[in-house]
Amino acid sequence: MKLQQRRLLNFSLLFVALLIILFIQQLNQYSLNHSAFFTGWLLLSSIFLLYLFTLRKKIVGGKIFFKVSTWMQLHIYVGFLAVALFLLHAGWKAPEGVAKQLVYFIFIFESLSGLFGLCITRILPPSLARNGSVLYQDIKGQQQHIAQQVEQLVERSLTQTDSNTIATFYRQFLLSFLLRPRNFWQHIFQYKKIIYKFEAEFSNLYRYLNEEERHIIDEIQTLVIEKNRLDYQYAGQSLLKRWLFVHIPLSYALLLFSVLHLMLVYAYIGGI
Amino acid sequence: MTKVRRPKRWDNPFSKDMSDAIVARVLSTKALSHLETDNFSDGLPLNGIIANDTRIVHFKAGEVIIRKGEYGGSAFLTLSGEAAIIKGEFEFEIKTKKTTGFFSFFKASKSKNLLGFPLFSTHNKEERLTLSPHFQEFIQQHPDNYINLEANSFYGEIAALARGTRTATVFAKTDSEILEIGWQGLRDLMRYDIKIREQIRTLYKQHSLLIQLRKTKFLSHLKAEQLQHLNEQSLFENYGQFEWQRSFNALKNKGDSVLSIEPIIAKQEDYVDGLLLICSGFARLSKTVNHGEKTIGYLKQGDTFGFEELAHNYRTGASLSYQHSLRAIGYVDIIRIPTSAVEKYALEYLDEGDLPLLLNGKDNLDYGLDTGILEQLVEHRFINGSSTMVIDRDRCTGCDDCVSACASLHDGQARFSRHGTIIDKYSITHACMHCTDPVCLIGCPTGAIHRSGQLGNIIVDDNTCIGCSGCATSCPYENIVMREVLTDDGQVLLDEQNGSPILKASKCDLCIQHGSIPACEQACPHDALKRLDMGNIASFTDWFNR
């Protein structure tokens, strides 16, 4: 099945599931039942189902349980369903009471982080793929190597050209840039101003250099462009890893507070 | 630091039962009696090869010696008794791939039953297969269904030399004593003895010719007599180098195109002098574009070249030349059946519906795959892989779940690197591809790196690997690495003589012990990683175009 066909099928199933839920909820309302119990239990079940994805990822090499990618699809679309259930259950307005508000806002942040994760896992990889290929663990090593190469070129300019123009330029514009990964958010938002700024600075400097210095600055410029490319890789790949540091702890918190919320609800209506 | 003796080639012989007396008896048989000890080197003495790289196996009447479809690297020689090849429609293939998926149980329970009774009885305690009593009776009543193997003649050499599957089922007609010669022994006997080398090569040609003619779809309906005529007029040719990885690696390191080392088998615009059948290996199909060659596909074992042109000319009376060029990728065995023979014995008996479309100047070949990708896959010879790890970089988030899954099943050490050759938006990673033509097997001194019998996965036996690095050097894709051996408490094992670390070859084993789908593919959350059989063009094209 092509990916587009799969997406269409999944959204269709989601749509049908939502229609069924809305229908049952309407029936509940007509029969004067408290529909919040229906949506609440469904929501809690969805949260458990979403959590099962984490458990499946921990099982390696089994013959059953389907592939993790199948579970991922389930996770995404049950996530969408959970958001719809949440809106049906809690409405658009924040509830009163600290306990309810806590679970309300945890759910919102968890959903937003999930949506954010989904977006970046679909948007960033193609962009990173077209920007060269480098393993995350190799980026810092490669950047250090570039910094060393630039430093050597600057030293060469001092000894060979008897001029400190390139060295001054290096100290003013390049040193801090080369020290570690830079411009994280500018890269994430594909903000091109950084590279334009460097191009302008190099261009300005060019007219004050002789032939020998120009050879050196050409080499430095190539290395700076490569460093900038690695910065982009670092920013993109970091974000693809780091968003989970928000999403996963929130999922545990959500699970915990949802169960607490359920216990409180049943305690107050005399169910426990 | 723990020090041990460095393992050696014959530490684990093929059989421990090969006493000096048995070795002497084996060497006195007609097929081997001409061998002269002096022709062999001191490091690889004749007696040593027979004692360590061969074994004697006793088969009862009806037991299967070789089963068609299974992978095997050894050759056989009947010492006593009689063996025969099953032929005709009964030489069916076993399932070479495990059935997978949710309904695998139901799929696996289906079995072929061509004659209304089971052909084989279940494995006995020695894991051997026996022809069922009904089948044995049937074969005896119909002698046309088997061919007796000549005494003192080798067999099983096709799979050994082509590094592929067994091409026929051989069974013991009477209680038999068989000498099984492991690939390492066969290779060294061929290397040091010209007579055995010539004998095996001649047999390989004769057997391949017959098998390939019978396997070719549009020749399969021909009568035995017509096939015999084709057989007599066919030529067996080979192109390229048996150990092609050497020139390929050298060229790859220089960064040159490999086209220059791919010998031309047939050239575009040349007169169609015959039909070519690919017996083993791969061949590149290309078309001239301006001053270059555009790859438009590749042929593998069982494919044919020139049939469209021959059929076109036969039907229209035209004299169309070859529409494409054919080049040997690595090492290729082909059968060339002259045009006159094809017209006389094959085309005349084919129905119009069985003939290909008439050629109208347009290319009938269209795999539906981007030609740039196809070109690169052929250029880098990734088409050799039966489980090539391909990562769709548009979907890969670099989460490394694949690497972690692999490591968790292999003592904390992943058996592949997520890095690899970039082709368009795909990455062909450094993971063993379980090649159709596994050149890594050729030089292994102990047979530690070998194919598993039924599935054909290339696996390394840690117990027999002596850490010579031969396979790692031979692998044209750099997918085998040498790793230090650690003790249970994490110490590096060292050679007691020189203190250097003891190494073993390490590579992907497709998680053969842990389930039907490799852990890497199973663990990928984004459907970015897939193990693709490059021999199945339709299947991998579907994935590339998903």
For A:Leu255, only one of the following conditions fails: (1) in a helix (DSSP H, G or I); (2) within 30 Å of A:Ile139 (Cα to Cα). What is its number? (2)
Residues being closer than 18 Å to B:Gly447 by Cα and part of a strand (DSSP E or B): count how many of those fall in the range B:30-65. 3
(1) over 17 Å from A:Val16 (Cα atoms); (2) surrounded by 14 or more Cβ atoms within 10 Å (Cβ to Cβ); (3) more than 14 Å from chain B (Cβ to nearest Cβ); (4) of a type in the set (A, V, I, L, M, F, W, C) all hold for A:Phe48 apart from (2)
Please go through (1) modelled with pLDDT of 90 or more; (2) out of contact with any Asp or Glu (no Cβ under 7 Å at 6 or more places or on another chain); (3) within 14 Å of chain A (Cβ to nearest Cβ) for B:Ile480 and return the number of the only condition it doesn't satisfy. (3)
Taking first residues from the range B:519-540 that are over 16 Å from B:His434 (Cα atoms) and in the same structural domain as B:Arg395 (by TED's automatic domain parsing) and second residues anywhere that are assigned to a loop (DSSP other than H, G, I, E, B) and charged (D, E, K, R), the pairs with Cβ under 6 Å that are 6 or more apart or on different chains are B:Gln522/A:Lys67; B:His526/B:Arg395; B:Ala528/B:Arg395
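Take B:Phe59 and tell me if it is modelled with pLDDT under 85 and either crowded, with 18+ Cβ neighbours inside 10 Å or out of contact with any helix residue (DSSP H, G or I) (no Cβ under 6 Å at 6 or more places or on another chain) (or both).
Details: modelled with pLDDT under 85: no; either crowded, with 18+ Cβ neighbours inside 10 Å or out of contact with any helix residue (DSSP H, G or I) (no Cβ under 6 Å at 6 or more places or on another chain) (or both): yes.
No: the conditions fail for B:Phe59.
Just for the range B:414-428: of the residues that are touching a Lys or Arg at 6+ places or on another chain (Cβ under 7 Å) and part of a loop (DSSP other than H, G, I, E, B), which one is farthest from the other protein chains (Cβ to nearest Cβ)? Outline the logic, then answer.
So in the range B:414-428, the residues touching a Lys or Arg at 6+ places or on another chain (Cβ under 7 Å) come out as B:415, B:425-427.
Going one step further and asking which of them are part of a loop (DSSP other than H, G, I, E, B), we end up with B:415, B:425.
Working: B:Arg415: 13, B:Lys425: 6 Å.
Once the filter is applied, the top-ranked residue is B:Arg415.
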List the number of the failed condition for A:Tyr252; all other conditions in (1) closer than 23 Å to A:Val134 by Cβ; (2) at pLDDT 90 or above; (3) away from chain B (no Cβ under 14 Å) hold. (1)
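From the residues in the range B:214-226 that are among the aliphatic types (A, V, I, L, M) and buried (at least 18 other Cβ atoms within 10 Å of the Cβ), which one is nearest to B:Asp303 (Cα to Cα)?
First pass over the range B:214-226, keeping only residues among the aliphatic types (A, V, I, L, M): B:219, B:222, B:224.
Now narrow it down to the ones that are buried (at least 18 other Cβ atoms within 10 Å of the Cβ): B:219, B:222.
Numbers: B:Leu219: 12, B:Leu222: 18 Å.
That would be B:Leu219.
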Would you mind stating whether A:Lys100 is in contact with a helix residue (DSSP H, G or I) (Cβ under 9 Å, 6 or more places away or on another chain), within 27 Å of A:Met1 (Cα to Cα) and either buried (at least 16 other Cβ atoms within 10 Å of the Cβ) or of a type in the set (Asp, Glu) (or both)? no
Tell me which of these A:Glu213 doesn't satisfy, since it passes every other one: (1) at pLDDT 95 or above; (2) away from chain B (no Cβ under 14 Å). (1)
The range B:393-413: number of residues that are at the interface with chain A (Cβ under 9 Å from one of its Cβ atoms) and under 14 Å from B:Lys530 (Cβ atoms): 4
Quick one: A:Phe105 ticks every box in (1) in a helix (DSSP H, G or I); (2) within 14 Å of chain B (Cβ to nearest Cβ) except a single one, so which number is it? (2)
Give me the pairs: first residue in the range B:129-155 and under 23 Å from B:Ala224 (Cα atoms), second residue of a type in the set (A, V, I, L, M, F, W, C) and part of a loop (DSSP other than H, G, I, E, B), beta-carbon distance under 6 Å, and six or more apart or on different chains, which are they? B:Phe135/B:Leu119; B:Tyr155/B:Leu149
Residue identified as β-branched (Val, Ile, Thr), surrounded by fewer than 15 Cβ atoms within 10 Å (Cβ to Cβ), touching a strand residue (DSSP E or B) at 6+ places or on another chain (Cβ under 9 Å) and over 30 Å from B:Ile147 (Cα atoms) among B:Thr288, B:Thr295: B:Thr288
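Looking at B:Ile422, B:Ile337, can you tell me which residue is among the β-branched types (Val, Ile, Thr), modelled with pLDDT of 85 or more and not assigned by TED's automatic domain parsing to the domain that holds B:Met482? Please lay out each step first, then the result.
Details: B:Ile422 fails: not assigned by TED's automatic domain parsing to the domain that holds B:Met482.
B:Ile337 is the lone residue from the list that is among the β-branched types (Val, Ile, Thr), modelled with pLDDT of 85 or more and not assigned by TED's automatic domain parsing to the domain that holds B:Met482.
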Failed item in (1) touching a His at 6+ places or on another chain (Cβ under 9 Å); (2) free of Cβ contacts under 8 Å to residues at least 12 places away in the same chain, with B:Lys252 passing the rest: (2)
Can you run down the residue pairs with Cβ atoms below 7 Å, 6 or more apart or on separate chains, where the first is in the range A:113-142 and at the interface with chain B (Cβ under 9 Å from one of its Cβ atoms) and the partner is of a type in the set (Asp, Glu)? A:Pro125/B:Asp394; A:Pro126/B:Asp394; A:Ala129/B:Asp394
Quick check: anything in the range B:466-474 within 14 Å of another protein chain (Cβ to nearest Cβ), in contact with a Pro (Cβ under 7 Å, 6 or more places away or on another chain) and under 27 Å from B:Ile428 (Cα atoms)? no
A:Leu264, sole failed condition from (1) closer than 27 Å to A:Gln144 by Cβ; (2) surrounded by fewer than 17 Cβ atoms within 10 Å (Cβ to Cβ): (1)
Can you report the number of residues in the range A:67-87 which are more than 8 Å from chain B (Cβ to nearest Cβ) and without any contact (Cβ under 8 Å) to a residue 24 or more places away in the chain? 2
Tell me whether the range B:372-387 contains one or more residues that are within 14 Å of another protein chain (Cβ to nearest Cβ), buried (at least 18 other Cβ atoms within 10 Å of the Cβ), in contact (Cβ under 8 Å) with a residue 60 or more places away in the chain and of a type in the set (Ser, Thr, Tyr). no
Of the residues in the range B:508-527 that are out of contact with any Gly (no Cβ under 8 Å at 6 or more places or on another chain) and not in a loop (DSSP other than H, G, I, E, B), the one that is farthest from the other protein chains (Cβ to nearest Cβ) is B:Cys520
Please specify each residue of the range B:501-514 satisfying the condition of being at pLDDT below 90 and surrounded by fewer than 18 Cβ atoms within 10 Å (Cβ to Cβ). B:Ile512, B:Gln513
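The values are calculated or read from the model by the stated rules, or taken from the named source; none is laboratory data. All figures in this text were calculated on a predicted structure; none of them were measured in a lab. In this analysis, Cβ positions are derived from the backbone assuming ideal geometry, glycine residues included, and neighbour counts consider all displayed protein chains.
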